[in-house]
Ligand code: 0A1
Ligand code: ZN
């Protein structure tokens, strides 16, 4: 374990309204790395000039720097004595500097001791960097803020046996060998960039190459670099990359701007992936895939993240953020772009369903608790703690609402204007919105509240039909509960995409007040006030309103009765809304079951729910993916979100009982679907093939609930014979929920087969962490001491500890408090090694106010225990304090 000094008292939070332009700008940066795991020498040569916009004519030069062993400083070629500068824990200050000068520094760092995985570090013997958000200051002294954009060159020097591959941003310009036998490579990035986009990779990786010709005919060399032995798992990532490059040209008119694009995969990584200019660095989990090692969900995730990082080349790299408060400017917009790519290249409705499910599970939960914050936070202590579902996923919804309000054409013009006007600079959210306003003429002043106010608005509707007047009056009301630091909320501007469905299931014509003619189809209502009425004339029959089509705003809708939901589930013309109505129907049925259990009554499964599931089974041939989604009962997180006091035991029981009842009613149909996968069919990722695999797993779950003996048999068969990881893991997950010899045998076989593959072993840990079997707590505790468990590997930590805390509602929240104690202990341990990973896991405690008093006390106690540790990192402390509030 690394030595850990007691952290310094927390610095005051940074505030959005205190932004000040940098005192100095940097034009060029020349870096030379003598790469050595124990002592890497970094020589940096910067050309600097004073920035008039800063406003103080004689401001000193302040450079960020952390954990750097400074060896020399030269100003315009002259060595500075220690009396000319002040060196502190967070940087270097030099007074009395000219208006323009060069600064040369030399520092020593120890990448092999960097377990935080921020800055330059060693993983599996190879060198990697991670500089977002503030990692560059752990490499060299620099004004480490995104509004300082410079042109970089980087020369990497290393032992050729150990590091045959030497990569950095931009294009390779020169290489050679030194008299001592070490080799070097020089890279030059012609595009100005902020320091957080700097990257280097050096090591013994295998490279897979391909090429892409841009629409203007330029050749781009593509390279994906992975550990030896993984080269047979990169075809998918390469295909995704080429598809994403083409799509960005077609959908947004954006072409790649360098001769070379590299992706390197690393198994120790704090996040998913990173968009460094021309050299993306990826968590191996988001690159490597083979049908027998990766599930369909992994394949889809890889596709989206490869696209996401590639899209950052324009929304993030060419146009970056002025400061970290603007994080959603690049992240919300780029998530929106990767969602659009997913919708266009797969199935639009399915893709939207999956994205909305994710938003609700993660972002709505965040918005409902003490960690709620606006898409653009107003203050932060550690920016690393703000890479959240709110900044990313809700940020994407905000961009989507802008497009819904002004329409696709104006949005695209606004986007082009935003890129053209801010190219090669560091922009703000206002710059983005201004471009949209200028192209559409729409006034976004009220809309800006989406960036400023936290919380998920509740949207309630009431409808009244006057048959004599053929008039339908729709009343919409919005309300947003207080969030930390924001007691009062002003009304949001909410775009409500909607249509009216008639009693026969067809879309009705209507004329909204102010419109010239009646027409049918989707309209967008703009709700501005707390309460507003919309009057539709010429409505021939009493309608059921279909509201929030395509999920046109990130709000919680209520007002439908169950008959209305059933009608929409059967007839809505919008695919997303049909699914949504069915889910809402099932959610209410389950909430009723939960309430019955809490009253000590037996659960009577709603026959209409069973009928809806039977109808979904009718889709099994024609639309298996949609059928699988409809058949998946609402998740425990969705049910919890709807309860005043979360009751994990009742939620679990209600789901199990309902699954069993539906399973019994439709037993034979489920049994027929969960047979073995067809091993002779070629592997395909088309929606129907993935749908059939998903359906097999869902059907198996019903069969196991309805008929445990037959289900166990079928699960064993599927586990043993499935040709894909999707089928095998689906079966293993269900087996893991049973405390049976079949489970033990399957887990042992899986472990023996895959223990040499880190990513598949992560699945083995994750499945056990999320199991509902009665002995889960003992088993998870034992896994924290397993020889293959490694706190230093973020993927492994997430697979066991985070998966247990975030994904095992039943046992994490066990009334004994053992689950809480286990996670708190592991957070404390990982904090000594990697504070970002510790901090990110604390959110599993943030929902404490939603539980009964006994669990509340236990969860608060776990947070207090963490806070009582004087050596807790500032990152984890910030999260624990916010979660505790
Ligand atoms: N910008 C990356 C996410 C990322 C953020 C921070 C990291 O290190 C602390 C790494 C990656 C993205 O959006 O994909
Ligand atoms: Zn991103």
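Tabulated values for the structure
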item: Length added when fully stretched, residue 742-residue 604, from 0.36 nm per residue minus Cα-Cα; result: 46.6 nm
item: P(r), alpha carbons of region 238-383 - 5 Å bins starting at zero, rounded %; result: 2, 9, 16, 20, 21, 17, 10, 4, 1, 0
item: Debye-sum result for the chain in log10 I(q)/I(0), which assumes one identical scatterer on each alpha carbon, at q = 0.07 Å⁻¹; result: -0.58
item: Distance between region 155-173 and region 330-372 - C-alpha centres, whole angstrom; result: 37 Å
item: FRET efficiency, 1/(1 + (r/R0)^6) with R0 45 Å, evaluated for residue 209 and residue 408 via beta carbons; result: 0.75
item: Scattering curve values for region 718-851, log₁₀ I(q)/I(0), Debye with Cα scatterers, q = 0.12 Å⁻¹; result: -0.46
item: Likely footprinting exposure, 183, 567, fewest C-beta neighbours within 10 Å first; result: 183, 567
item: Estimated distance in nm for a label pair at residue 649 and residue 71, the labels positioned 7 Å out from Cα along Cα-to-Cβ; result: 6.4 nm
item: Span from the region 704-722 Cα centroid across to the region 569-594 one, whole angstrom; result: 29 Å
item: Residues 186, 277, sorted so that the one with the fewest Cβ neighbours within 10 Å comes first; result: 186, 277
item: Helix-only CD estimate at 222 nm, as mean residue ellipticity for the chain, using -39500 (n - 2.57) per DSSP H run (n ≥ 4); result: -11500 deg cm²/dmol
item: Between 0 and 90°, nearest 10: helix 725-736 axis offset from the chain longest Cα axis; result: 70 degrees
item: Label point 7 Å beyond Cα of residue 684 along Cβ direction - residues of region 617-635 with amide nitrogen under 15 Å; result: 621-625
item: 0 to 90° range, to nearest 10: angle between helix 429-440 axis and the chain longest Cα axis; result: 60 degrees
item: Cα long-axis angle, helix 395-406 against the chain (0 to 90 degrees, to the nearest 10); result: 70 degrees
item: Whole-number percent relative contact order across the chain, with pairs defined as alpha carbons under 8 Å at least 6 apart; result: 9 percent
item: Sorted by Cβ neighbour density within 10 Å, fewest at the top, the residues 638, 375; result: 638, 375
item: Where only C-alpha atoms are counted, convex hull volume of region 647-722 per residue in Å³; result: 102 Å³
item: For the chain, share of DSSP beta bridges that run antiparallel, in % to the nearest 5; result: 80 percent
item: Isotropic mean projected area of the C-alpha convex hull, region 147-268 (nm²); result: 9.1 nm²
item: Pairwise Cα inverse-distance average, inverted: Kirkwood Rh of region 472-534 (Å); result: 13.7 Å
item: Area projected by the alpha carbon convex hull of region 468-583, averaged over all directions, nm²; result: 7.8 nm²
item: DSSP-defined beta bridges in region 216-331 - what % are antiparallel, rounded to 5; result: 15 percent
item: Computed E for residue 379/residue 177 - FRET, C-beta separation, R0 51 angstrom, nearest 0.05; result: 0.50
item: Ratio Rg/Rh [Cα only; Rh per Kirkwood] for region 224-294; result: 0.99
item: Extended-chain gain in nm, criterion 0.36 nm per residue less alpha-carbon gap, residue 28 and residue 464; result: 150.3 nm
item: Relative contact order (%) - region 761-885, alpha-carbon pairs under 8 angstrom, separation at least six; result: 22 percent
item: Region 71-112-region 271-326 distance, computed between alpha-carbon centres (Å); result: 35 Å
item: Region 342-439 - convex hull of the alpha-carbon atoms, volume per residue in Å³; result: 134 Å³
item: Scattering curve values for region 109-172, log₁₀ I(q)/I(0), Debye with Cα scatterers, q = 0.17, 0.20, 0.24 Å⁻¹; result: -0.68, -0.93, -1.22
item: Additional length obtainable on full extension of the chain from residue 596 to residue 504, 0.36 nm per residue less Cα span; result: 29.7 nm
item: At R0 = 56 Å, FRET efficiency that the Cβ-Cβ distance of residue 250 and residue 611 yields, to 0.05; result: 0.85
item: Relative contact order of region 403-547, defined on C-alpha pairs under 8 angstrom at six or more residues apart (%); result: 23 percent
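Here, each number is a calculation from the coordinates, and none is a lab measurement. Given the structure is predicted, the values throughout are model-derived calculations rather than measurements. Heads up, the Cβs are rebuilt from the backbone with ideal geometry, glycines too, and the neighbour counts pull from every protein chain shown.
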